[in-house]
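The values are calculated or read from the model by the stated rules, or taken from the named source; none is laboratory data. Since the model is a prediction, treat every value here as computed from it, not as a measurement. Note: ideal-geometry Cβ built from the backbone for every residue, glycine included; neighbour counts use all protein chains shown. Surface areas here come from the heavy atoms of the whole protein model, side chains and all, with no ligands, DNA or RNA. Shrake-Rupley method; radii C 1.70, N 1.55, O 1.52, S 1.80 Å.
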2 protein chains.
Amino acid sequence: MSASDKAYEHVKTGILAGDIPPGTFVTEGRLAEEIGVSRTPVREALLRLQAEGMVELFPKKGALVTAPTPRETQEIFEARALIEEWAAAQMWPRRADAIPALRAHLDEMADLMRTGDVSAFSAADRAFHEVIVDAGSNSVISRQYSHLRDRQIVIVAGNLRGDKPRMTASLRQHRELLHLLESGTKSQFVRACREHVDYAVGLAGTR
Amino acid sequence: MSASDKAYEHVKTGILAGDIPPGTFVTEGRLAEEIGVSRTPVREALLRLQAEGMVELFPKKGALVTAPTPRETQEIFEARALIEEWAAAQMWPRRADAIPALRAHLDEMADLMRTGDVSAFSAADRAFHEVIVDAGSNSVISRQYSHLRDRQIVIVAGNLRGDKPRMTASLRQHRELLHLLESGTKSQFVRACREHVDYAVGLAGTR
DNA sequence: TGCGCTCATGTTGCATCCACCATAGATGCA
DNA sequence: TGCATCTATGGTGGATGCAACATGAGCGCA
């Protein structure tokens, strides 16, 4: 792995994990020292992250880690809903081959809820949805979706710290989705996907 | 404008205008000399372009300007259709405020078809659609749409060099869209948007 | 005390330098 | 002649140096 990749991973995972919370100013020099590389690869990493909207670069001042505004949050969820609804429709005629993976992620979520590992739970949630989106077989859309989820994590990392009732509700909804995929109709499944995302909007919006 | 931005603009417009056709290898050194800056900002520009999917960086070898594969082309148009259909639906209840801008772009297209400036025609086409997408008031989606169009230009720049019948057909379709927006129904307009993009898929696919 | 100015410090933006690597063409040997 | 190997060249990846700029602390003056 190149030094540039290392810097990128370091900063990005730091942001996504909440170690570098939104609002903090990071500087190339400090990060470079921290990671053990020179400023050049750090600079490249920050540019990439700026392109992704994770940080905002202020000339001669530094990089500000940004959280999505309430407005952007709404927009992200609307975009998610659009893609997930599309993907749900693509699952018909029924794509039974996706079911094992979905079940695996579901089981994982159930386990993680017990142990209370919120960030891993959220990762499993994401993986579940990515299976559905990827089933649409459109890598352009999959990439856009993945990016939306990255952005969303920053919100969630700040908001949802181990909220059992919400996790329970989420788990129930995912179970329902899988159930509908196995034995429901296309329109039922599409609507459930839509409602699932809309529910998440509410969660992110109310706090 | 910073040297980095200058390099970025230079390379990107070069690719979009077809001056740097897909398949060519560019090197940091040569570009740097050409633009009149050092390799550092050029390198940053290439990294940004790689993130956008415009070039592919091969370690120790150089940067390859890539055209979308037929597969990616299909995917781009599918994503476009998804967004445009959504945006079309967002235009109801009727957003009359978008009409003047749409009409202006339409007139521009008519003029440009006469003068035969294909790339400007294509830019006006894009602007027309961006008005509709932007009317959805979702900057996240607008950005994704804009990116899709950037990618699409690379295809078009290689394919559609001044094809009058196609331009005529395109112009007619845009007129129809505007007409439906003014005095059609929501479902008519949405369907027409969908069909318009599907028509474009055919164009890109058949060559 | 309060205001404006200067300067010290921290940070970026960019140029330059060096080491490593990939590759192609030359070279030597069978 | 044909093949393996060696080497010269061109390219990137990364480190470092330097100038320009933003900012805030400290100081002088009214």
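Within the full protein context, the accessible area of A:Arg172 is estimated at about 150 Å² for a probe radius of 1.4 Å. Translational diffusion of chain A was estimated from the Stokes-Einstein equation, with Rh taken as the Kirkwood radius over Cα pairs; at 20 °C and 1.002 mPa s the coefficient is 118 µm²/s.
In this view, the solvent-accessible surface of A:Thr115, computed with a 1.4 Å probe and all protein chains in place, comes to about 110 Å². The angle between the Cα long axis of helix B:186-205 and the main principal axis of chain B comes to about 40°, on a 0 to 90 degree scale. Once both labels are positioned 7 Å from their Cα atoms along Cα-to-Cβ, the gap between A:Phe58 and B:Glu182 label points is 4.9 nm. The relative contact order of chain B, computed from alpha carbon pairs under 8 Å that lie at least 6 residues apart in sequence, is 25 percent.
Projecting the alpha carbon convex hull of the stretch A:3-65 along each direction and taking the average yields 3.6 nm². Among A:Ala7, A:Pro41, A:Phe58, which residue has its Cα furthest toward the positive end of the charge dipole of the stretch A:3-65, with +1 on Lys/Arg Cβ and -1 on Asp/Glu Cβ? Checked the options; the winner is A:Phe58.
If you plug the beta carbon distance of A:Ser38 and B:Lys164 into 1/(1 + (r/R0)^6) with R0 = 56 Å, you get a FRET efficiency near 0.50. Projected onto planes of every orientation and averaged, the convex hull of the alpha-carbon atoms in the stretch A:23-112 covers 9.5 nm². In a reduced charge model with +1 at each Lys and Arg Cβ and -1 at each Asp and Glu Cβ, chain B shows a dipole moment near 280 debye about its Cα centre.
Sort B:Lys12, B:Lys186 by heavy-atom solvent-accessible area, probe 1.4 angstrom, most to least.
Numbers: B:Lys12 30, B:Lys186 90 Å².
Result of the area sort, largest leading: B:Lys186, B:Lys12.
Label separation (A:Phe25 vs A:Ser146): 3.4 nm, computed from points 7 Å beyond Cα along the C-beta direction.
Compared with the dominant principal axis of the Cα atoms in chain B, helix B:164-183 is inclined by about 50°.
Where Lys and Arg each count +1 and Asp and Glu each count -1, what net charge lies around B:Leu47 among other residues with Cβ under 13 Å from its Cβ?
-1
In the stretch B:70-205, a dipole from Cβ-located charges (positive for Lys and Arg, negative for Asp and Glu) runs towards its positive end, and of B:Met109, B:Ala127, B:Ala192 it is B:Ala192 whose Cα lies farthest in that direction. Computed with a 1.4 Å probe over protein heavy atoms only, the accessible area of B:Ser137 comes to about 60 Å². If the Kirkwood radius is taken over C-alpha pairs of the stretch A:74-170, then at 10 °C and 1.306 mPa s the Stokes-Einstein diffusion coefficient equals 113 µm²/s.
Which angle from 0 to 90°, rounded to the nearest 10, does the C-alpha axis of helix A:70-90 make with the longest principal axis of chain A? With both axes taken from Cα atoms, the answer is about 40 degrees.
For chain B, the mean residue ellipticity at 222 nm estimated from helices alone is -24500 deg cm²/dmol, where every DSSP H run of n ≥ 4 contributes -39500 (n - 2.57) and the total is divided by all residues, rounded to the nearest 500.
Please give the charge dipole size of the stretch B:3-65, origin at the Cα centre, charges +1 on K and R Cβ atoms and -1 on D and E Cβ atoms. Round to the nearest 20 debye.
220 debye
Under a Cβ-only charge scheme (Lys and Arg +1, Asp and Glu -1), can you give me the dipole magnitude of the protein assembly as shown about the Cα centre, in debye to the nearest 20? Magnitude of the dipole: close to 160 debye.
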